[in-house]
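Notes for the one structure printed next.
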Amino acid sequence: MKLKLEISHIMRSPHGNLVLEDCSYSFDRGGAYLLMGPNGSGKSTLLRICALLEKQDRGEVTYYAGEQRLQHDISLKRRMTLVLPQVGIFNATVFDNVSYGLKIRGAGRQEIERKTLELLEFAGLAAKKNQRALSLSSGEKQRLGIARALVVAPEMLFLDEPTASIDEANTRLIEEMILGKKKSGMTMIITTHDRLQAERLADQMLLIRDKKLVEG
Amino acid sequence: MNYLAESLSRAFFLILQLDQELISIILLSLRVSGSALLISAAIGLPLAALMAFGRFPLRGVFVNLLNTFMGLPPVVVGLLVYLLLSRSGPFGFLALLYTPSAMIIAQIILALPIVASLSHSALVSVDPIIRQVSTTLGATPFQVSLTVIREARYGIMSGMMAAFGRVMAEVGAILIVGGNIAGYTRVMTTTIALETDKGNFELALALGIILLAISMAINTGLSIFRRKGMTEL
């Protein structure tokens, strides 16, 4: 059953500083939702709330499989992945980084080998699979982060500013990765402050304006 | 000067000859300190993890206490273990005084705070983003903790080597609780102290050279782990 996300009346006010107010939306189709807004507008906060990494102060985050409402437990959390702006590289090889999600899900050796190599190819990192991941360039690290999130075939992928601090060539590669995955029907929610990028990638544009979520 | 050179050459001869007494003393030292380190790690690592990941009252006080215990004077530890294990002490019935077990207990008390405290420091210095990434990739809280421990592995190994270095070179505590009994509780450091007293420098020097070599190996290991941890972070 396809995973659907519905947020209703989300309010978030960390340390008394109101960031989000009454945000509601239903992410019920596959494809790429591009969440836009200037720096500090609350895009990342909303993304983290949707990915169940942060708790809202008010409102509800509800996941559905068909009509069935899902518990916020580990089995739900394993159906989605989030790539943070600072990718967070493990002190291990590129291969070990990308295969992490499969290992913690108890996948077999052959499956780990096959899926990881497939994603390394997809991310253009196959030649560097045995290299220490911390020695990669920032663009490569970003691609590694996306490959690591995709290897477990999530039904919902959250990308927080995936091209914010990387060069043009890597930006193009990452956009190609996103466009490639869009065809698979996966739901992606991506934050960006780059309108042109949003237009290139989006099936649906969303804006955070005056702390509220609106369709763009 | 001649006397020193002569003693040194005899010491090297003893080492090259693989003198039985020398070998048995070295093996006992390694057994006592190695066992103390393993037991300290078995207790100290979960303790470090608990302090790094757990949230409980007085956690900060507990961490401070462990840091303070890192500098415990060995003779005080020896005295304390002696009092506990002596015939009139609360654990006198175990008859452990003047046995290698008593020496291991004393060394555990010295090594445990070092292992726990340095491992705790290594764990809390792991970038918090690692926990978040691990969570976003679907790890359970236990798997998140294991991932953080893996990230801190070089720091943890450094702590273990520092603790091993401390207990290997320690003399005060084991002399008090081991009694320096030949062929039973006589280890490298206590033999050096005894043989120097007797004016028998060749065995003392031979053991000194080996102790120095072990210490150098530990320090080399420590710097490799530190360098590895720093370049890869």
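The values are calculated or read from the model by the stated rules, or taken from the named source; none is laboratory data. Note that the structure is a prediction, hence the values are computed from the model and not measured. Here the Cβ positions follow ideal geometry from the backbone for every residue, glycine too, while neighbour counts run over all protein chains shown.
Conditions (1) crowded, with 16+ Cβ neighbours inside 10 Å; (2) at pLDDT 95 or above; (3) among the acidic types (Asp, Glu), marked per residue:
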{"position": "B:20", "(1), (2), (3)": "no, no, no"}
{"position": "B:44", "(1), (2), (3)": "yes, yes, no"}
{"position": "B:52", "(1), (2), (3)": "yes, no, no"}
{"position": "B:55", "(1), (2), (3)": "no, no, no"}
{"position": "B:70", "(1), (2), (3)": "yes, no, no"}
{"position": "B:100", "(1), (2), (3)": "yes, yes, no"}
{"position": "B:104", "(1), (2), (3)": "yes, yes, no"}
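Search the range A:145-162 for residues being over 23 Å from residue A:1 (Cα atoms) and more than 10 Å from the chain's Cα centre (by Cα), and hand back the single one that is surrounded by the most Cβ atoms within 10 Å (Cβ to Cβ). If we take residues in the range A:145-162 being over 23 Å from residue A:1 (Cα atoms) and more than 10 Å from the chain's Cα centre (by Cα), then A:148 is surrounded by the most Cβ atoms within 10 Å (Cβ to Cβ). Considering the range A:80-102, and only residues there that are within 8 Å of chain B (Cβ to nearest Cβ) and polar (S, T, N, Q), the residue that is farthest from residue A:186 (Cα to Cα) turns out to be A:91. Looking across A:77, A:55, one residue alone is among the charged types (D, E, K, R), within 14 Å of chain B (Cβ to nearest Cβ) and out of contact with any Ser or Thr (no Cβ under 9 Å at 6 or more places or on another chain). It is A:55. Taking the condition away from chain B (no Cβ under 14 Å) and not acidic (Asp, Glu), does residue A:145 pass? Judged against the criteria, residue A:145 is not a match. With respect to residue B:111, is the statement that it is out of contact with any Lys or Arg (no Cβ under 9 Å at 6 or more places or on another chain), closer than 15 Å to residue B:44 by Cα, of a type outside the set (Val, Ile, Thr) and assigned to a helix (DSSP H, G or I) true? Taking the combined requirement at face value, the residue does not satisfy it. Considering (1) touching a Leu at 6+ places or on another chain (Cβ under 6 Å); (2) outside any helix (DSSP H, G or I), the lone condition that residue A:101 does not fulfil carries the number (2).
Scanning the range A:141-173 for residues that are under 13 Å from residue A:119 (Cα atoms) and either in a helix (DSSP H, G or I) or among the hydroxyl-bearing types (Ser, Thr, Tyr) (or both) gives A:143, A:144, A:145, A:146, A:147, A:148, A:149, A:150. Scoring residue B:141 on the criteria (1) within 14 Å of chain A (Cβ to nearest Cβ); (2) at pLDDT below 95; (3) over 20 Å from residue A:106 (Cα atoms) leaves a single failure, condition (3).
Out of curiosity, is residue A:89 assigned to a helix (DSSP H, G or I) and of a type outside the set (Gly, Ala, Ser)?
On the way: assigned to a helix (DSSP H, G or I): no; of a type outside the set (Gly, Ala, Ser): yes.
Against the criterion (assigned to a helix (DSSP H, G or I) and of a type outside the set (Gly, Ala, Ser)), residue A:89 does not qualify.
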